[in-house]
Protein chains: 2
Amino acid sequence: MILDLIIIGAGPAGITASVYAARKKMNFLVLTKDIGGQAIWSSDVENYPGYQFITGPDLMTKFQEHMEKYGIQVREKEEVIELEKKDNIVYIKTTKETYEAKTAIIAAGKKVKEIGVPGEKEYKNKGVAYCVTCDGPLFAEKDVAVVGGGNSALDAAIQMMNIANKVYLINMTDKFTGDPIMQEKIKSNPKVKILHNTRVESIAGDKFVKGISVDIQGKKDILNVKGVFIEIGLMPNSWFVKGLDKNEKGEIKVNCANETNVLGVFAAGDVTSVPEKQIVIAAGDGAKAALGAFRYLARLK
Amino acid sequence: MILDLIIIGAGPAGITASVYAARKKMNFLVLTKDIGGQAIWSSDVENYPGYQFITGPDLMTKFQEHMEKYGIQVREKEEVIELEKKDNIVYIKTTKETYEAKTAIIAAGKKVKEIGVPGEKEYKNKGVAYCVTCDGPLFAEKDVAVVGGGNSALDAAIQMMNIANKVYLINMTDKFTGDPIMQEKIKSNPKVKILHNTRVESIAGDKFVKGISVDIQGKKDILNVKGVFIEIGLMPNSWFVKGLDKNEKGEIKVNCANETNVLGVFAAGDVTSVPEKQIVIAAGDGAKAALGAFRYLARLK
């Protein structure tokens, strides 16, 4: 059977797309490794409008219940290993079988790049964080470290210098790769201490992070920070797509209507080239993708 | 004082933008005629992810409380009558004063469209209505007409079939554009009489509406209704902007980053050229606009 639509991923973008597709009575299913995507790693979500404060897992449970209300077919733990459109059909191969659909929405998200040091996994969401926009306000008036040297690290440092007591900006190399104008802002702010040629060696604490061991140009030191923002980038889960244009980060390129370069194949959320990685933005774009798929099918008749 | 940002409107887009701007510690205020925008006229919202079912007014109260949590300055009942950028400053004139800001987000939404037939203005609020949620209960056990064929007309018909004695659903074209799930609800209800290819020619009455003249597929008829709900769509509140590109509907043209053709001036939600008018899409785009304004200010120094 050829389905109207297959949605890959069940984070904020994929779930919202599924709710919209269900309300349009499309014949579709959702294939996903897990439910909730990156959002479940946010300890505190304070910027999803309608919920002043909710944890990422709680919000994603609400999204999931919303999807379940419509009796949507979700095949969990089914990882997609290939997607390709041939002869007007989108073929989607998973670890279990191959599906056929007229349209697809790729909402497979991103995964964070870890620095891979002792304590990182242990203190994730207990001081170790990967999203300043989400978790920054938790560290008001505290000392924090930001790890990285690109735009996302500089942006994180700029955000945190307005919130934290002190910000150590830890860059592995001898200079930043991020925008000079952002560098200037950081350099002129007395709250930020820039550490070039510096590596984090381990993260320590008890219940929460208490400090990090660093190697600063060959000299060992300990920084007593309560928070560590790892901002060395994210990797889009886009390796399985064939024939879709991606940007230099590996993100699937979309236009304003969340269309990819392949007709009938849409993408939404963190896997795309849309610069902001936010729950409400992923949700809004998931809705756009589903409505776009619906319009595309209407034109096919 | 020149503000970082002024947000015009406090519907889903404007409120979400304000929450994001507050979290970025921008110096800004919100100017708006009212709170909640068009969303408060939806009786049933079932597609805002995270809330399986909520009324429009209840959801907008939650949005408003979210905004109030951040102590955001909101000047209500202050209508903007002109917006123009000159010499790197956005000047925003209201009925009360003129404000200056480095950036602006226009999230002024839409307002209801009239059908423009004799009797419409005369009987406004005397049987002619534009909001079922507000005025529906006035027509309990009476015969009414709903004019339109999109989601708002279908929603109005669904609400009225639970209240009125009989509902004529008058659609100008040969099929509805609203969601199939709503169409089914209407088709299975014996109280609703669907009239496709039908136009209202005039509205008549004495003190209140007594009937409407219609043209049903070329045949003239009179429907003895006491109420007429006009649900044919909305007009963007964009008349006050100077120098911004608009499309043929009067909607402000935006790119994928919610930027207008004037640098530093953003737009989001129903006032824009984004085709879908949905709460979650307006919210997502409001977030994009606020983050865009933040990045623009960062580049300005």
- Message: So for region A:108-131 (the condition being β-branched (Val, Ile, Thr) and touching a helix residue (DSSP H, G or I) at 6+ places or on another chain (Cβ under 6 Å)), does at least one residue qualify?
- Response: no
- Could you look through region A:282-301, keep only residues that are within 20 Å of A:Thr32 (Cα to Cα) and of a type outside the set (D, E, K, R), and pick out the one that is farthest from the other protein chains (Cβ to nearest Cβ)? A:Ala293
- Query: Just checking, which of A:Val132, A:Val147, A:Val90, A:Val117 is modelled with pLDDT of 95 or more and within 16 Å of A:Val192 (Cβ to Cβ)?
  - Reply: A:Val147
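Which of the residues that make up region A:139-156 are of a type in the set (A, V, I, L, M) and within 12 Å of chain B (Cβ to nearest Cβ)?
A:Ala140, A:Leu154
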- Task: Hey, could you check region A:177-196 for residues that are under 24 Å from A:Val117 (Cβ atoms) and at pLDDT 95 or above and say which is most open to solvent (accessible area, probe 1.4 Å)?
- Result: A:Lys193
- Check off (1) open to solvent by less than 60 Å² (accessible area, probe 1.4 Å); (2) under 24 Å from the mean Cα position of the chain (by Cα) for B:Met172 and give me the number that stays unchecked. (1)
- Residues of region A:90-107 satisfying the condition of being within 14 Å of A:Phe28 (Cα to Cα) and open to solvent by less than 50 Å² (accessible area, probe 1.4 Å): A:Val90, A:Ile92, A:Tyr99, A:Ala101, A:Thr103, A:Ala104, A:Ile105, A:Ile106
- Message: Residues that are open to solvent by 20 Å² or more (accessible area, probe 1.4 Å), at least 1 per element: which strands (runs of 3 or more DSSP E) completely within region A:197-301 meet that?
- Response: A:198-205, A:209-216, A:219-223, A:234-236
- For region A:74-87, which residues satisfy the criterion of being without any contact (Cβ under 8 Å) to a residue 40 or more places away in the chain and not in a strand (DSSP E or B)? A:Asp87
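With the requirement that a residue be among the β-branched types (Val, Ile, Thr) and either assigned to a loop (DSSP other than H, G, I, E, B) or out of contact with any strand residue (DSSP E or B) (no Cβ under 8 Å at 6 or more places or on another chain) (or both), what does region B:95-154 give you?
B:Thr95, B:Ile115, B:Val117, B:Thr133
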- Note on the structure: Within region A:66-89, the residues that are open to solvent by 80 Å² or more (accessible area, probe 1.4 Å) and either touching a His at 6+ places or on another chain (Cβ under 7 Å) or facing chain B (nearest Cβ under 10 Å) (or both) are A:Glu68, A:Lys69
- Query: Given the structure, is A:Ile15 in a helix (DSSP H, G or I) and either assigned by TED's automatic domain parsing to the domain that holds A:Tyr123 or more than 22 Å from B:Ile279 (Cβ to Cβ) (or both)?
  - Reply: no
- Would you say B:Ile194 is over 20 Å from the mean Cα position of the chain (by Cα), among the aliphatic types (A, V, I, L, M) and within 28 Å of A:Tyr20 (Cα to Cα)? yes
- Query: Would you pick out the residues in region A:187-198 that are away from chain B (no Cβ under 11 Å) and more than 17 Å from A:Ile232 (Cβ to Cβ)?
  - Reply: A:Lys187, A:Asn189, A:Pro190, A:Lys191, A:Val192, A:Lys193
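Just name the residue that is nearest to A:Val214 (Cα to Cα) out of those in region A:176-189 that are in a loop (DSSP other than H, G, I, E, B) and touching a helix residue (DSSP H, G or I) at 6+ places or on another chain (Cβ under 9 Å).
To start, the set of residues in region A:176-189 that are in a loop (DSSP other than H, G, I, E, B) comprises A:176-179, A:188-189.
Applying the additional criterion that residues be touching a helix residue (DSSP H, G or I) at 6+ places or on another chain (Cβ under 9 Å) yields A:176-179, A:189.
Values: A:Phe176: 18, A:Thr177: 21, A:Gly178: 22, A:Asp179: 25, A:Asn189: 22 Å.
If we take residues in region A:176-189 being in a loop (DSSP other than H, G, I, E, B) and touching a helix residue (DSSP H, G or I) at 6+ places or on another chain (Cβ under 9 Å), then A:Phe176 is nearest to A:Val214 (Cα to Cα).
From the list B:Pro57, B:Pro49, exactly one residue is touching a His at 6+ places or on another chain (Cβ under 6 Å) and under 30 Å from A:Lys69 (Cβ atoms). Which is it?
From the options B:Pro57, B:Pro49, the qualifying one is B:Pro49.
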- Would you check which residues across region B:266-288 are of a type in the set (A, V, I, L, M) and within 19 Å of B:Lys242 (Cα to Cα) and list them? B:Ala267, B:Ala268, B:Val271
- Message: Would you confirm, using the coordinates I've provided, whether B:Glu122 is outside the structural domain of B:Val271 (by TED's automatic domain parsing), of a type in the set (D, E, K, R), on the phi < 0 side of the Ramachandran plot and open to solvent by 80 Å² or more (accessible area, probe 1.4 Å)?
- Response: yes
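The values are calculated or read from the model by the stated rules, or taken from the named source; none is laboratory data. The structure presented is a predicted model; accordingly, all values stated were derived computationally and were not measured. Cβ atoms come from the backbone with ideal geometry, glycine included; neighbour counts cover every protein chain shown. Side chains are part of the model used for accessible areas, which takes the heavy atoms of the whole protein and leaves out ligands, DNA and RNA. Shrake-Rupley method; radii C 1.70, N 1.55, O 1.52, S 1.80 Å.
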